[in-house]
Amino acid sequence: MVKCGAEGAELSLPELKVQVMRIIVKFLASLVLILALAWVGLWWYAQGRLEAGLTTWMNQMGANGTVQISYDTLTRGTSPLSAKVELTNVRISVQSGPDAAPVLVTLPSFGMHIDAANPMLLHFDNPSEIGINSARGQMAMTFGSITSFDRLVPKALFDSTVWPIDGGELHASNINFLASSGSLLILHVDDLAAATTTNNTAGPGQAGFSTSETIDGLALSPILSKIASIPFNGRINQLAFNLSLSGPLPDFAVLQETLAALPPGDARRKLAIQTVHDWAAQGGSGNAGLVLAIGPSTLKADGTVKFDANVQPSGTGNVSADHLDAFTAGLVAAYPQIQDSLSNIQARLSPYLSTSAAGGQALNIHAAYGTGGVTLNGQKVSDMQPMNWDLLENPPAPPAQAPGDGSGAAATRQ
């Protein structure tokens, strides 16, 4: 027997266990209720932020008057396990100039959602078909599958000044570009994959931005390839590109808004060059790569760039390609008239060409550049002039054109 309570009532051990269990159950029930209410509040808040973000993006896109976005309905999700907003019958009108006919892009739906299981991923609910209407006709883009998402920055949930995204990915397959209201295949892509990562707080030597994209099986329709006599069945086996930038990078959102507010031309070009100069002066560096596989040949290229204390560039570059003999044979078979041009190109590249049983005729160029000059495969080929940033930002005005046909003859006669 156990004494319990103010009056010292005696409880048996089983009765004491029952009372303890009741207290635990009440506590757990209260905790579950509190967590449920907190989750419902967070879910409602997240849906509100999604709707506000989508509305803000549409307003920003239409700020300069060249893009107009409209839709039929905007709805929120109803499941507490997923914060979601969705637009139906979306219409995006793009007009490049006052005299240009607008291009209308239509989507049956578009949405965004965040799942409770992974709250730091913002998923995009893309349609399986996109319509494109222009003065030249109607086109459509269809997808066998398409998924995309952005990675969210937790701090941005409570600080609106923080850029909310630090990267994302897109994957799509069985992509078709169709003309004649969707009845004629123009272009097909087997697979598309893209990924981006950003770090707005990167310092010198730290990764600030990287992007990559790979397209597999890009091909014109067989009918078009045959009509135009395009070699290798009009197919690019693979096209891949990657770019990485290190060092303090500009706020891309602010830069985009600033550029959009400037008139096209010199003002935008000057701001872009100033932005690159500031990045370079703060220890910026970068590298890029390209892979292009067509027919029997694969071209690979990569390059690097960095800047010294005087903001002068230096770096390396590499280009290689294999089976060029089979590749050029295919080109000549399709277009005999280019035989002389290809022969001239081969003659110029002869110092960098070799032949092997495994790779056929191959091209290998290794370049380096900097204050010491430019070298190709270890041999200096030229000096390198210093980069004049002031001249890039403020190029001299072109000479005044004389009246008449532009030859200057009219000015001479005067």
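Annotations for the structure displayed:
- Complete set of residues in the stretch 106-140 that are buried (at least 17 other Cβ atoms within 10 Å of the Cβ) and assigned to a loop (DSSP other than H, G, I, E, B): 126, 127
- In the set 271, 255, 239, 249, only one residue is aliphatic (A, V, I, L, M), modelled with pLDDT under 90 and in contact with a Leu (Cβ under 7 Å, 6 or more places away or on another chain); that residue is 271.
- Test result for residue 68, surrounded by fewer than 16 Cβ atoms within 10 Å (Cβ to Cβ) and under 20 Å from the mean Cα position of the chain (by Cα): no
- Tallying residues that are acidic (Asp, Glu) and in contact (Cβ under 8 Å) with a residue 12 or more places away in the chain within the stretch 257-296 yields 2.
- Residues that are within 23 Å of residue 258 (Cβ to Cβ) and part of a loop (DSSP other than H, G, I, E, B) within the stretch 58-96 comprise 62, 63, 64, 65, 66, 95, 96, listed in sequence order.
- Among the candidates 284, 247, 295, residue that is surrounded by 16 or more Cβ atoms within 10 Å (Cβ to Cβ), touching a helix residue (DSSP H, G or I) at 6+ places or on another chain (Cβ under 9 Å), small (Gly, Ala, Ser) and farther than 28 Å from residue 372 by Cβ: 295
- Within the stretch 174-190, residues that are among the basic types (Lys, Arg) have Cβ atoms under 6 Å from residues that are not in a strand (DSSP E or B) in no pair, counting only partners at least 6 apart in sequence or on another chain.
- Given (1) of a type outside the set (D, E, K, R); (2) in contact (Cβ under 8 Å) with a residue 40 or more places away in the chain; (3) more than 30 Å from residue 91 (Cβ to Cβ), number of the condition residue 234 does not satisfy: (2)
The values are calculated or read from the model by the stated rules, or taken from the named source; none is laboratory data. The structure displayed is predicted, hence computed values, not measured ones. Note that each Cβ is placed from the backbone with ideal geometry, even for glycine, and that neighbours are counted across all protein chains shown.
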